[in-house]
1. If a residue has to be of a type in the set (Phe, Trp, Tyr) and without any contact (Cβ under 8 Å) to a residue 40 or more places away in the chain to count, how many in region 13-41 make the cut?
2. Search region 369-403 for residues being touching a Leu at 6+ places or on another chain (Cβ under 8 Å) and open to solvent by 70 Å² or more (accessible area, probe 1.4 Å), and hand back the single one that is nearest to the ligand (Cβ to nearest atom).
3. Which condition from (1) within 30 Å of THR70 (Cβ to Cβ); (2) modelled with pLDDT of 90 or more is the one that GLU238 breaks?
4. Where the second residue is near the ligand (Cβ under 8 Å from one of its atoms) and of a type outside the set (Asp, Glu) and the first is part of a loop (DSSP other than H, G, I, E, B) and lies in region 380-394, which pairs have Cβ atoms under 8 Å and are six or more apart or on separate chains?
5. Residue under question is GLU110, and the condition is that it be surrounded by fewer than 16 Cβ atoms within 10 Å (Cβ to Cβ), of a type in the set (Asp, Glu) and touching a strand residue (DSSP E or B) at 6+ places or on another chain (Cβ under 9 Å); does it hold?
6. List every residue pair whose Cβ atoms lie under 7 Å apart, where the two residues are 6 or more positions apart in sequence or sit on different chains, the first residue falls within region 132-154 and is touching a residue at least 60 places away in the same chain (Cβ under 8 Å), and the second residue, located anywhere, is in a helix (DSSP H, G or I) and open to solvent by less than 40 Å² (accessible area, probe 1.4 Å).
7. Does ARG316 satisfy the criteria of being basic (Lys, Arg) and surrounded by 21 or more Cβ atoms within 10 Å (Cβ to Cβ)?
8. Is at least one residue of region 74-85 part of a helix (DSSP H, G or I), touching a strand residue (DSSP E or B) at 6+ places or on another chain (Cβ under 9 Å) and either under 30 Å from ARG234 (Cα atoms) or of a type outside the set (A, V, I, L, M) (or both)?
Amino acid sequence: MEPFSLSLSEEQLELRAWVHEFAEKTVRPNAHEWDEREETPWPLIAEAAKIGLYSFDFLANAYADKTGLTLPIVLEEMCWGDAGITLSIFGSTLAVAGIMANGSPEQIGEWVPQCFGSADEPAVAAFCVTEPDAGSDVSSLRTRAVYNESDDSWTLNGTKTWITNGGISAIHVVVASVDASLGARGQASFVIPPGTPGLSMGQKFKKMGIRASHTAEVVLEDVKVPGRMLLGGRERLEERLARARSGKSSSVQAAMMTFEASRPLVGAQALGIARAAYEYALDYAKERRQFGRAIIENQGISFKLAEMATLIDAGRLLVHRAAWMVAQGQRLEHGEGSMAKLFGGETAVKVTEEAIQILGGYGYVRDYPVERWHRDAKIYTIFEGTSEIQRLIIARAISGLRLG
Ligand SMILES: Cc1cc2nc3c(=O)[nH]c(=O)nc-3n(C[C@H](O)[C@H](O)[C@H](O)COP(=O)(O)OP(=O)(O)OC[C@H]3O[C@@H](n4cnc5c(N)ncnc54)[C@H](O)[C@@H]3O)c2cc1C
């Protein structure tokens, strides 16, 4: 087991400096433009692919890190540059995680590299769970997958909503119900490969923040895929369904643990935005003079900055603890992953709001980046499980009760 340490290794410090340079020189200078354009920044995805930051190899190495800190470090630095662009570059990792968690080794080998495309022609991937009537309550999915015995195929019908990279992805991983009477225990994941007839993009959403990240509906109309697109295979699915029907313990618990394990990474992203705003506000408060002195010389301002710095450091400790536990194979029994995501998201909203306050009018206009950071921060209390759902998970974990 790796000892828990608060200091980063030489290798991790180098990695952080490398990603920081990319975030500073390539991501941040383009953030305003792509926020205004509200389009996927393909040239920047290509840049990330060219330097090897966006690739299957990079992600595989990051997952292999025994300390678990590689991805939190990378995502914090990238979101320090810009969260919308980061989600365009790293949004595919959700689909990749879905394939890795449920797929057979052959399926992982075949489909995960296709999520990234090549360095010359990068692709993206989407993980499609949420539906118009199934947000926090993912047990009530209406998208159905029906097995056709005659030609060993599946037919999917339904509508997914709020899907990052939805409709523009090479690979869509779709979670659908195969036995509605079993709720979440009757669901399965399917890979929908490029060019499959029946899959189309519905409405593209115009958002408050992370506008460089594409979010859209995905419509599935008689989408027919071969049997081998069911992640994990039919035999495993049938076993699982039989267990669920007989009332035995299910793999839903395992799926929940997979989500819990990815939550620290979401917290790390939120803290990257918070740090950007805090650093900007700190510099500004030292420069800006009113009443004959720098505004930081007022406790009303310096205490805000002290609080912002403390929240960010506390958030990072929660993120690193949970990520380290996941890498050690420890169970996050007290909701440590949810704590990291909850605290990271709430911190990003609070810190970016305080940064606006410190900049006064300059914080409120689009000529300065701080209002954008606040808009970007807000999504972190909503997606990947809202703050209320994180609190619910933590409350259940600490009490051992099925609280509602
Ligand atoms: C920009 C963006 C990108 C996204 N990307 C993806 C993606 O790639 N793939 C994907 O599948 N989904 C994605 N989502 C969906 C996202 O995960 C959902 O929006 C989120 O889970 C909340 O669901 P909802 O919007 O339906 O809200 P609801 O579930 O309807 O919640 C509404 C409110 O009720 C509260 N609430 C609900 N249940 C409870 C409860 N039991 N106790 C207390 N409060 C409760 C919620 O916390 C929230 O405040 C994305 C969303 C956005 C906005």
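1. Of the residues in region 13-41, the ones of a type in the set (Phe, Trp, Tyr) are 18, 22, 34.
Remaining after also requiring without any contact (Cβ under 8 Å) to a residue 40 or more places away in the chain: 18.
Counting residues in region 13-41 that are of a type in the set (Phe, Trp, Tyr) and without any contact (Cβ under 8 Å) to a residue 40 or more places away in the chain gives 1.
2. It comes out as ARG391.
3. With respect to (1) within 30 Å of THR70 (Cβ to Cβ); (2) modelled with pLDDT of 90 or more, GLU238 is out only on (1).
4. That search, which allows pairs on different chains as well, returns PHE383/TRP162; GLY385/SER136; THR386/SER136.
5. On the way: surrounded by fewer than 16 Cβ atoms within 10 Å (Cβ to Cβ): yes; of a type in the set (Asp, Glu): yes; touching a strand residue (DSSP E or B) at 6+ places or on another chain (Cβ under 9 Å): yes.
Taking the combined requirement at face value, the residue satisfies it.
6. ASP152/GLY227; SER153/GLY227; TRP154/GLY227; TRP154/MET229
7. Taking the combined requirement at face value, the residue satisfies it.
8. Narrowing region 74-85 to residues part of a helix (DSSP H, G or I): 74-81, 83-85.
Now narrow it down to the ones that are touching a strand residue (DSSP E or B) at 6+ places or on another chain (Cβ under 9 Å): none.
Among the residues of region 74-85, not one is part of a helix (DSSP H, G or I), touching a strand residue (DSSP E or B) at 6+ places or on another chain (Cβ under 9 Å) and either under 30 Å from ARG234 (Cα atoms) or of a type outside the set (A, V, I, L, M) (or both), which makes the answer no.
The values are calculated or read from the model by the stated rules, or taken from the named source; none is laboratory data. Predicted model, so just to flag it, every value in this text is computed and none were measured. Cβ: placed from backbone, ideal geometry, glycine included. Neighbour counts: every protein chain shown. Protein only, heavy atoms only, side chains kept; ligands, DNA and RNA dropped before computing areas. Shrake-Rupley method; radii C 1.70, N 1.55, O 1.52, S 1.80 Å.
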